[in-house]
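Every number here is computed from the coordinates shown, using simple stated rules; none is lab data. All of these numbers come straight from a predicted model, not from anything done at the bench. Heads up, the Cβs are rebuilt from the backbone with ideal geometry, glycines too, and the neighbour counts pull from every protein chain shown.
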Amino acid sequence: MKRKTIEELQFCDDYMFKRVMQNEDICRQVIELILEEKISRVEFVKTEEERNHSYESKGIRLDVYTQLDDRLINVEMQAKPYLNLGRRIRYYQSSVDVDYLKRGMTYHNLPESICIFICCYDPCGLGLSRYDFEHMCIQNSAANLDIGTRQVILNTKGTELNIPDELKQFLRFVEDYTQTENIPLLEEMREAIMREKRDTESFYEYAQAMTHEDDAREDGRQEGRVEGRQEGIDLVIGQMLLDGAISSELAEKYRAKEFV
């Protein structure tokens, strides 16, 4: 797959999204636009944080993780479709909670948590530009456990525009940053993108980030090849053991050997 140059990047591209959203004022305005409410402050907790809560757990990266008005907000950009988006959101949101709730704190200390995913595809296939989710009792919607979590998914490909005009324009801007329609926030974001593209330091940071990503992908492919080879060898050893061609002691010795 051909890599985009920094000049070709849109706001929806991972690198540019993180760079622009690191601006606290822009980040606050974007969240205000999505949540349709005024916010007094934004405090960045972590940006692009790699988390592993145990050796066996799956690491995740939070694109923009902020704390505002005693709420935890995680904003993610999803330019390409992913399987199991709902489970991904669940894992991200639970990771934020685990990180926040330090030892000795009670569950009462957990603030409201909002996970926002901006998707350049329709994850639910219903044509809505916005999907909001909250926990609800199936038997009676009046029942309330006060779980304190929300999930907001925006869909740039929505055909049923069930959203305010400014948010509609924001979703167009996500994939084409020239489409600002003289909206002050989008004009400010466009200028931020243009600065990043002109900045020499950003050019080298982007090149370094892409090199690191290519290296990680190649490491993953190599690991997959090694694991696949080992699985094939294990199958052969198992079949030989069943056929009586080798003893169980010899099979264990074969399995213990490293194949690289």
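At a glance:
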| read-out | value |
| --- | --- |
| In Hz, Karplus ³J(HN,Hα) per residue of region 16-27 (6.51, -1.76, 1.60; θ = phi - 60°; x = Gly, Pro) | 5, 4, 5, 5, 5, 6, 6, 6, 4, 5, 5, 4 |
| Violating pairs (Cα-Cα greater than 24 angstrom) within the set LYS38/LYS197; LYS18/LYS80; LYS80/LYS102 | LYS38/LYS197; LYS80/LYS102 |
| For region 84-161, size of Cβ-based charge dipole, Lys and Arg +1, Asp and Glu -1, in debye | 280 |
| Amide H within-cut-off set for PHE11, under 5 Å, with H built and near neighbours excluded | TYR177 |
| Integer Hz, Karplus 6.51/-1.76/1.60 couplings in order for region 74-79, x for Gly and Pro | 10, 10, 10, 10, 10, 6 |
| Tensor-based shape of region 130-216 (alpha-carbon gyration tensor, a/c under 1.5 rounded, otherwise prolate or oblate) | oblate |
| Efficiency of FRET between ARG90 and GLU32 - r from beta-carbon atoms, R0 22 angstrom, step 0.05 | 0.30 |
| Theoretical gain in end-to-end length, ARG41 to LEU126 [0.36 nm per residue, Cα-Cα removed] | 27.2 nm |
| Interchain or long-range residues, amide H under 5 Å from GLN78's placed H | ILE118, CYS119, CYS120 |
| Cut-off under 5 Å, modelled amide H: who pairs with LEU62 long-range | GLU48, GLU49 |
| Label-to-label distance, nm, for residues given as LEU110 and GLU205 (7 Å Cα→Cβ offset) | 3.4 |
| Net charge over other residues, Cβ less than 10 angstrom from the Cβ of LYS157 (K, R count +1; D, E count -1) | -2 |
